[in-house]
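Note sheet for the following structure.
The values are calculated or read from the model by the stated rules, or taken from the named source; none is laboratory data. Keep in mind that this is a model prediction, so the values were computed, not measured. Positions of Cβ are backbone-derived with ideal geometry, glycine not excepted, and every protein chain shown enters the neighbour counts.
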Amino acid sequence: MSVRTIEVAPDVSGPGLDRCLNGAAAALADGRLVAFPTETVYGLGADAMSATAVEGIFAAKGRPADNPLIVHLPDPAWLDRVAVTTPLAARLAEAHWPGPMTLVLQARPEVPTITVAGLGTVAVRVPDSAIARRLIELAGTPVAAPSANRSGRPSPTTAQHVLADLADHLAWVVDGGPCDLGIESTVVDARGTVPVVLREGMVTREMLGVTGEEAGETERSPGTRHAHYQPRAEVRIAPPGEGMALAGALASGGRRVGAVVGHRGSVPSGVTVLATVEDGEGLAKRLYAALREADERGLDVVVVEAVSEAGVGRAVMDRLRRAAG
Ligand code: TXA
Ligand code: MG
């Protein structure tokens with residue numbers, strides 16, 4: 001099967017957007033796999049209500065069967081199709097949808113067991129990407145979509161990353177350019193009366209009104225237990241401001257070194273600067289692409305400067321520590 005790619009410019013809307021997306025939407029409705037952009041990372045989509053279609057996702061990714069998928073909706077009004085809502089969910093949806101927040105709720109029986117890995121709960125999100133929402137709307141069915149990488153690889157933030165991992169498995173890739181945010185959504189259990197954060201993300205604990213540290217320490221998303229975000233190169237975390245010195249020291253020992261640092265300054269010989277980032281948002285946007293580039297260049301080690309753990313920084317540092325193993 002050869003994959004078809006369609007580029008969608010950010011300013012396309014209305015009938016022009018539909019013309020771009022019709023082929024990919026028809027493939028989704030037909031039970032095939034379609035990769036598409038969201039504001040966080042690219043998703044590997046299939047009809048969430050078809051067990052056979054969803055099987056294709058697990059096979060293509062090499063994903064463990066005990067790791068459930070996020071079901072994507074074009075509009076909060078579709079929530080009743082897949083989940084039992086709660087007053088807390090309604091409040092969070094009102095505040096953060098469309099956007100990088102996923103809610104875990106009790107699943108409707110119509111959702112196939114494989115989509116939710118037999119859990120009885122379902123993770124749902126309305127992405128803040130007009131392309132993603134329109135694609136799902138045209139397909140006419142909720143769309144299950146994990147990040148569109150082979151299991152264990154960094155999540156894709158461009159269509160090229162998706163093709164590098166999954167080209168042989170896809171009917172279509174919708175190319176909407178680089179993702180705006182760069183790390184995955186916050187996963188929140190919204191079945192109770194207070195939000196419980198299962199995976200850190202761009203919607204921060206502060207934004208959710210979660211104050212205590214207790215929630216989330218013991219409860220984690222199934223996916224956060226698996227090895228994740230690991231490039232072939234070794235990943236080393238440096239304190240702020242000390243990245244270039246560490247990179248230089250490693251390079252002088254004969255290793256091929258990549259650096260993701262706050263300020264460029266002078267670059268020691270043997271060091272490739274993969275990205276310069278100013279803050280947590282900047283690191284979120286560039287981290288996965290830098291890790292993939294390190295592997296493409298055959299580097300031995302990537303030094304990444306830590307950012308402050310406040311707000312979004314907490315989610316980025318969580319991903320960075322996983323990448324460092
Ligand atoms: O931003 C994102 O969330 C991206 C884009 C494509 O939407 N998707 C994404 O999917 O990151 P994935 O499959 O890579 O991560 C989904 C996470 C996993 O940690 C999974 O265990 C968790 O959500 N999850 C899914 N269903 C769940 C459930 N019923 N209960 C608890 N956690 C769940
Ligand atoms: Mg993933």
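Before moving on, here are some points about what is shown:
- Residue check, VAL174 in contact (Cβ under 8 Å) with a residue 40 or more places away in the chain, within 13 Å of ligand 2 (Cβ to nearest atom) and in a strand (DSSP E or B): no
- Matching residues, the range 284-319, being over 13 Å from PRO240 (Cβ atoms), of a type in the set (D, E, K, R) and touching a residue at least 12 places away in the same chain (Cβ under 8 Å): LYS285, ARG286, ARG292, GLU293, ASP295, ARG297, ASP300, ARG314, ASP318, ARG319
- Taking the range 35-54 as the range and being under 18 Å from GLY99 (Cα atoms), of a type in the set (Val, Ile, Thr) and surrounded by fewer than 24 Cβ atoms within 10 Å (Cβ to Cβ) as the test, no residue passes.
- Looking across the range 100-140, just one residue is without any contact (Cβ under 8 Å) to a residue 60 or more places away in the chain, part of a loop (DSSP other than H, G, I, E, B), buried (at least 17 other Cβ atoms within 10 Å of the Cβ) and near ligand 1 (Cβ under 9 Å from one of its atoms), and that is VAL116.
- Test: residue in the range 212-228 that is buried (at least 22 other Cβ atoms within 10 Å of the Cβ), part of a helix (DSSP H, G or I) and at pLDDT 95 or above: no
- Lone unmet requirement of (1) touching an Asp or Glu at 6+ places or on another chain (Cβ under 7 Å); (2) modelled with pLDDT of 95 or more; (3) over 23 Å from GLY31 (Cα atoms) for ASP175: (3)
- Within the range 229-251, the residues that satisfy the criterion of being outside any strand (DSSP E or B) and of a type in the set (Gly, Ala, Ser) are ALA233, GLY241, GLY243, ALA245, ALA247, GLY248, ALA249, ALA251.
- Here the range 141-171 is the region considered, the condition is being in contact with a helix residue (DSSP H, G or I) (Cβ under 7 Å, 6 or more places away or on another chain) and not in a loop (DSSP other than H, G, I, E, B), and the residue that is farthest from ligand 1 (Cβ to nearest atom) is HIS169.
- Some residue of the range 186-199 being hydroxyl-bearing (Ser, Thr, Tyr), within 26 Å of ALA27 (Cβ to Cβ) and not in a helix (DSSP H, G or I): no
- Enumeration of residues in the range 256-269 that are surrounded by 14 or more Cβ atoms within 10 Å (Cβ to Cβ) and either at pLDDT below 95 or more than 15 Å from VAL304 (Cβ to Cβ) (or both): ARG256, GLY262, VAL267, PRO268
- Just one of the listed residues (GLY298, GLY254, GLY265, GLY258) is assigned to a loop (DSSP other than H, G, I, E, B), more than 19 Å from the chain's Cα centre (by Cα) and either of a type in the set (Asp, Glu) or closer than 24 Å to ALA159 by Cβ (or both), and it is GLY298.
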